[in-house]
Amino acid sequence: MKRLVPLLWLLALAGCSKQPPETDPLTGGNPRVGQQLIARYGCAACHEIKGIAHSDSKVGPSLTDMRSQGYIAGVLPNSASNLVKWIQHPRAVDPKTAMPELGVSETEARNMAAYLYNQ
């Protein structure tokens with residue numbers, strides 16, 4: 001029994017680390033892949049994003065804790081489908097936005113939205 005107690009303690013501690021789900025139920029995307037895509041597309045050049053290296057820019061709004069935001073870019077109610085739409089085609093939503101069209105596919109946008117909702 002004495003050997004079992006440290007093992008149970010280690011298992012309990014391992015369960016405490018927050019890992020994002022493999023598939024996010026809201027977006028249908030993979031947050032782990034989304035994190036890589038956000039880094040690859042350079043979103044941190046303009047946004048503060050938890051978990052992304054060098055993402056302390058203040059050019060655009062912070063994307064930390066995106067799930068609790070009321071609106072996306074101040075114009076769309078915050079929903080998974082609206083976030084995917086915004087990531088893919090921000091200028092179709094707001095022609096005056098500074099956010100560029102990056103050529104993000106729908107699958108990539110779903111993965112990126114999944115990360116933003118699960119960070």
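The base-10 log of I(q)/I(0) for segment 52-119, evaluated at q = 0.18, 0.23, 0.24 Å⁻¹, reads -0.67, -1.15, -1.25 [Debye formula, identical scatterers on Cα atoms, solvent excluded].
The packing ranking of peptides 28-39, 50-61, 82-93, 107-118, highest mean first, is 107-118, 28-39, 82-93, 50-61, where packing means the average number of other beta carbon atoms within 10 angstrom of each residue. Rounded to the nearest Hz, the phi-derived 3J(HN,Hα) couplings of segment 43-55 under the Karplus curve 6.51 cos²θ - 1.76 cosθ + 1.60 (θ = phi - 60°) are 4, 5, 5, 10, 10, 7, 9, 4, x, 10, 4, 6, 9, where x marks glycine and proline.
Remark on Leu76: its backbone amide H falls under 5 Å from none of the residues 5 or more positions apart or on other chains, H modelled at 1.01 Å from N. Here the label points at His89 and Gln36, each 7 Å from Cα along the C-beta direction, are separated by 2.8 nm in the simple model. Charged side chains reduced to their Cβ positions (Lys and Arg at +1, Asp and Glu at -1) give segment 22-82 a dipole of some 80 debye around its Cα centre.
Computed from the coordinates by the stated procedures, all read-outs in this text should not be read as laboratory data. Source: prediction; values computed, not measured. In this analysis, Cβ positions are derived from the backbone assuming ideal geometry, glycine residues included, and neighbour counts consider all displayed protein chains.
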